[in-house]
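Participant: Sharing a structure here in structure tokens format.
Nothing in this text is a laboratory measurement; each read-out follows from the coordinates by a stated rule. Since we're looking at a predicted model, the values are computed, not measured. Don't worry about glycine lacking a Cβ; one is built from the backbone with ideal geometry, like all the others, and counts go over all protein chains shown.
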Amino acid sequence: MAYQEVFDLLFAYFGPQHWWPGETAIEIVVGAVLTQNTNWSNVTKAIRNLQNAGALSYQVLLEMSMAELAGYIRPSGYYNIKSKRLKNLLFMIRDRYEGDLLRLLSDETQTARSSLLAVQGIGPETADSILLYAGDHPVFVVDAYTHRIFSRHGLIAEESDYQSMQEEFTCRLPVSSALYNEYHALLVMLGKNFCKKTNPLCGQCPLKGVNGVDEFKFF
DNA sequence: CACCAGGCAAGTA
DNA sequence: TACTTGCATGGT
């Protein structure tokens, strides 16, 4: 019950986040890789570079050299390794799904997830972000904030790993891509606003009192 | 100036 | 198995 309660509190406080609405699948997939350990504002610059170059399509990206790709995505940081990761992903789609991204996204959830995880550079969070936000699969995306927020409120064990946290959310919430979409975005929003050393607002966190925890004392 | 951002893989012990 | 480090830019 606490899991739904946390969602309700966050939604009431922050409102709908509408992450990745009305954008193309390839744009969401590219964004999911580029945002690894990177601020989203830097990712939008990289994506805009690709758009301006007419390169935000599967075929164009597939045929582009890594050096050229790296040049476009430079503002998102880690541009050398990210251009390689994107290429690895494009090659997997070519080899397993006939170069059709939509075939990957409409594959069975666990099969598509295995395909994504087989790509060097695609870990569980990136894979699940692609499944949820580009493919509308009901998979809960766990991130660093999820772990910090829930462990410090005593809602999960400190030592929980990605898979065990994902199982907790999945079995304690209705199976709904729309819910998982908002929930993950709201947890990131909470983290950004209340998880920082320099933030003076920790006393008025919307989760104050949840599970008997009065302070959102991250630091 | 330090710190952080919608991670992942490779290296080390 | 359990840490640690490299990757790199831009905003606050």
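Participant: Toward the positive end of the charge dipole of the stretch A:25-134, about the Cα centre and with charges on Cβ (Lys, Arg +1; Asp, Glu -1), which of A:I47, A:L62, A:N88 goes farthest?
Facilitator: The Cα lying farthest towards the positive end belongs to A:I47.
Participant: Looking at the calculated P(r) for chain A, what percent of the C-alpha pair distances fall above 27 Å? Present the calculation step by step, with values, prior to reporting the outcome.
Facilitator: On the way: 8517 of 23871 pairs.
Pairs farther apart than 27 Å: 36 percent.
Participant: Placing +1 at every Lys and Arg Cβ and -1 at every Asp and Glu Cβ, with all other atoms neutral, what dipole size does chain A have around its Cα centre, in debye to the nearest 20? Before the final figure, lay out each step's value.
Facilitator: Details: 19 positive and 23 negative charges, 180 e Å.
Computed about the Cα centre, the dipole is about 860 debye.
Participant: Pairing the Cα long axis of helix A:79-97 with the longest principal axis of chain A, what angle in degrees results, from 0 to 90 and rounded to the nearest 10?
Facilitator: 70
Participant: Give, as a single signed number, the net charge of other residues whose beta carbon lies under 15 Å from the beta carbon of A:E68, with Lys and Arg counted +1 and Asp and Glu -1. Present the calculation step by step, with values, prior to reporting the outcome.
Facilitator: Numbers: positive: A:R74, A:K82, A:K84, A:K87; negative: A:E63.
For residues surrounding A:E68, the net value is +3.
Participant: Also, I was wondering about something else. Within chain A, how many Lys pairs that are eight or more residues apart, or on different chains, come under 22 Å at the alpha-carbon?
Facilitator: For chain A, qualifying lysine pairs total 11.
Participant: Find me the longest stretch of chain A that has none of the exposed trypsin sites (Lys or Arg not before Pro), where exposed means in a DSSP loop (not H, G, I, E or B) with at most 16 other Cβ atoms within 10 Å.
Facilitator: In chain A, the maximal stretch lacking such sites is A:1-195.
Participant: What is the distance, in nm, between label points placed 7 Å from the Cα along the Cα-to-Cβ direction at A:E159 and at A:E98?
Facilitator: Those two pseudo-labels are separated by 4.8 nm.
Participant: If you build the Cα gyration tensor of the stretch A:25-134 and take the root of 5 times each eigenvalue, what three semi-axes come out, in whole angstrom, biggest first?
Facilitator: The three semi-axes for the stretch A:25-134 are 21, 15, 12 Å.
Participant: Cβ under 14 Å from A:E182's Cβ, A:E182 left aside: what net charge do those residues give with Lys, Arg +1 and Asp, Glu -1?
Facilitator: Here the charged neighbours net out to -2.
Participant: Let me ask something additional. Could you tally the net charge around A:F11, taking each other residue with its Cβ under 14 Å from the Cβ of A:F11, Lys/Arg +1 and Asp/Glu -1?
Facilitator: Charge balance near A:F11 sits at -3.
Participant: Please give me, ordered by residue number, the chymotrypsin sites (Phe, Trp or Tyr not before Pro) of the stretch A:1-104 that lie in loop per DSSP and have at most 11 other Cβ atoms within 10 Å.
Facilitator: Those that pass, being in a loop and sparsely packed, number zero.
Participant: Within the stretch A:55-144, list the GluC sites (Glu not before Pro) lying in a DSSP loop whose Cβ has at most 11 other Cβ atoms in a 10 Å radius.
Facilitator: Numbers: sites: A:E63, A:E68, A:E98, A:E108, A:E125; in loops: A:E98, A:E108.
Passing both the DSSP loop test and the Cβ count: A:E98, A:E108.
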